[in-house]
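The values are calculated or read from the model by the stated rules, or taken from the named source; none is laboratory data. Just so it is clear, the structure is predicted and the values come from calculations on it, not from any experiment. As a convention, Cβ positions derive from the backbone with ideal geometry for all residues, glycine included, and neighbour counts pool all protein chains shown.
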């Protein structure tokens, strides 16, 4: 659905040039929720803005739903944008318009007539859970409600792609969760492809199917979230489950990544019982998201090398993803 | 000197001041109309022809944008830096060309408009600049045309600020209109000058001052009220 092919973009020239994007490529399948994570200044924002051509790449191609958006102009670009909704960190709602009217703007732009607009707005406001708020002004709404208006506005013209530019970064954790769940729900319900950028790892854990990690204009790794979590030395894996620094005491230290199925098994107890190891738990970050347990546990396995090696082998044979991070 | 014991003194005063008020409102009203039309346009062009603005490249070239922006900016600055009393005199030939005379309320409209446009244009420019850039981007992301962005986002969101700018402009124009009045432009300034000054009547002077205060209060309050009603921030 979205294909970014060797895109580069820099600002300024000469020694002071900032390379916001360097040879970035990625593919997002239809219906997928794709997260791009990275610190501020990593180029995430520039990247997402090339998807609807708010930013034009210096080189490379961005294709959305078959259209080469990086080269479209004028009316063709505007009509391609009707197919790509976007939501923003600071909502960007018109303060002079009511909720109804803010959402209607999107349809005024696509040229829908008044009667049809009214009908569609009522429909979409219900979908985002804002029934009864049509006459309110943005200033009268909470942050979460404002973002719901943003989502309604972005989706009113029935686009097939939704871009989210740090859409939950200005919201509190509880509201963030509600908005993310709404995006996920809408994506499933409408077959919407979602690309989001964020610096919050929680967002990736909660809704992303796939993710890319960006730093200094480059993509360091990308793939499905499950895949990345079970990849050795994955940056995403380390960032998602931060367990602090690794102690150096000569004992073997391992990290077990749980991914849905395996988490409910009594792994540690089994380790102690079967192999006779006095397992120490150094850290753990396990969460239940959408009914699946995901997380990492860092264990200290003291004892003879052969016993420990056999134990690790045994864990791997059970289908667990085990990384030895210190010994 | 006018005799205040004359039986028709107060009714004359009433009639003269009423007529003066009418003339002032007429002069200010018509010049305001032109001021709003051209000032709004100039304010919008000032903002949009800047680097990165919606009309940064008119006729397909940034050079045009820079030229239009600089020239307009210079014109606005010139208009704002010439004291009105001098501008008025400077414009006499131009006024005569357009109206056919440089005396009377209609002739007064010309210098008032010329002074009002740059003043209002700056206020419009400031108002539009206050609109967060994110709103423009949101509209762009929805596939809006430049005209839609301009009318439905930039200007629409600046309306409360523009309403305040409008009342400030009206107050300014009322002040200028009194100055034109003193040199033959009619209106309250004319009344104050001819009756209050030349014929030493404190009653006329006082009546004019009170009326000017009332007018200014009225328009400023109307502006504030409108801005409050229109703003939903």
**Message:** I'd like the full set of residues that are more than 9 Å from every other protein chain (Cβ to nearest Cβ) and part of a helix (DSSP H, G or I), limited to segment A:89-113.
**Reply:** A:99, A:100, A:101, A:102, A:103, A:104, A:107
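This table checks each residue for (1) surrounded by fewer than 19 Cβ atoms within 10 Å (Cβ to Cβ); (2) closer than 14 Å to residue A:298 by Cα.
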| residue | (1), (2) |
| --- | --- |
| A:227 | yes, no |
| A:236 | no, no |
| A:266 | yes, no |
| A:275 | yes, no |
| A:281 | yes, yes |
**Complete:** residue A:52 vs (1) crowded, with 24+ Cβ neighbours inside 10 Å; (2) over 18 Å from residue A:151 (Cβ atoms); (3) at pLDDT below 95: all pass except (2)
**Prompt:** Just checking, which of A:12, A:60, A:41, A:85 is surrounded by fewer than 22 Cβ atoms within 10 Å (Cβ to Cβ) and farther than 19 Å from residue A:220 by Cα?
**Reply:** A:12
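Tell me, which helices (runs of 4 or more DSSP H) lie completely within segment A:216-281 with 1 or more residues that are closer than 26 Å to residue A:24 by Cα? Steps first, please.
Values: elements: A:225-229, A:235-240, A:267-275.
The qualifying helices (runs of 4 or more DSSP H) are A:225-229, A:235-240.
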**Per-region count, segment A:114-130, residues in a helix (DSSP H, G or I) and surrounded by 17 or more Cβ atoms within 10 Å (Cβ to Cβ)** = 6
**Message:** Of everything in segment B:136-159, what is in contact (Cβ under 8 Å) with a residue 60 or more places away in the chain and more than 8 Å from chain A (Cβ to nearest Cβ)? Give them in sequence order.
**Reply:** B:136, B:146, B:149, B:150, B:154, B:155
**Prompt:** Which condition number does residue A:205 fail, the rest of (1) surrounded by 18 or more Cβ atoms within 10 Å (Cβ to Cβ); (2) closer than 21 Å to residue A:2 by Cβ; (3) away from chain B (no Cβ under 14 Å) being met?
**Reply:** (2)
**Request:** Within segment A:294-327, count every residue that is under 10 Å from residue A:257 (Cα atoms) and part of a strand (DSSP E or B).
**Result:** 8
**Asked** residue B:101 passes all but one of (1) more than 23 Å from the chain's Cα centre (by Cα); (2) over 30 Å from residue B:127 (Cβ atoms); (3) not in a helix (DSSP H, G or I); which number fails?
**Response** (1)
**Message:** Looking at B:119, B:38, B:14 in this structure, which one is within 26 Å of residue B:179 (Cα to Cα), at pLDDT 95 or above and surrounded by fewer than 18 Cβ atoms within 10 Å (Cβ to Cβ)?
**Reply:** B:38
**Complete set of residues in segment A:131-173 that are surrounded by fewer than 20 Cβ atoms within 10 Å (Cβ to Cβ) and within 13 Å of chain B (Cβ to nearest Cβ)** = A:135, A:136, A:137, A:139, A:140, A:141, A:158, A:170
**Request:** Give the number of residues within segment B:47-82 that are exposed (fewer than 12 other Cβ atoms within 10 Å of the Cβ), at pLDDT below 90 and either within 22 Å of the chain's Cα centre (by Cα) or assigned to a loop (DSSP other than H, G, I, E, B) (or both).
**Result:** 3
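If I ask for residues that are in a helix (DSSP H, G or I) and either facing another protein chain (nearest Cβ under 10 Å) or within 23 Å of residue A:85 (Cα to Cα) (or both), which ones from segment B:116-135 would you list? Quick ask: steps written out before the conclusion?
Restricting attention to segment B:116-135, the residues satisfying the condition of being in a helix (DSSP H, G or I) are B:116-129, B:133-135.
Across segment B:116-135, the qualifying residues are B:133, B:134, B:135.
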**Request:** Output the number of residues of segment B:176-233 satisfying the condition of being surrounded by fewer than 18 Cβ atoms within 10 Å (Cβ to Cβ), within 14 Å of chain A (Cβ to nearest Cβ) and not in a loop (DSSP other than H, G, I, E, B).
**Result:** 4
**Message:** I'd like to know if segment A:307-322 contains one or more residues that are surrounded by 15 or more Cβ atoms within 10 Å (Cβ to Cβ), closer than 18 Å to residue A:205 by Cβ and at pLDDT below 90.
**Reply:** yes
**Message:** Show me the strands (runs of 3 or more DSSP E) entirely contained within segment A:1-88 in which 2 or more residues are more than 11 Å from chain B (Cβ to nearest Cβ), touching a residue at least 60 places away in the same chain (Cβ under 8 Å) and under 26 Å from residue A:205 (Cα atoms).
**Reply:** A:2-11, A:18-28, A:33-37
**Request:** Could you tell me whether residue B:165 is under 18 Å from residue A:96 (Cα atoms), away from chain A (no Cβ under 14 Å) and crowded, with 24+ Cβ neighbours inside 10 Å?
**Result:** yes
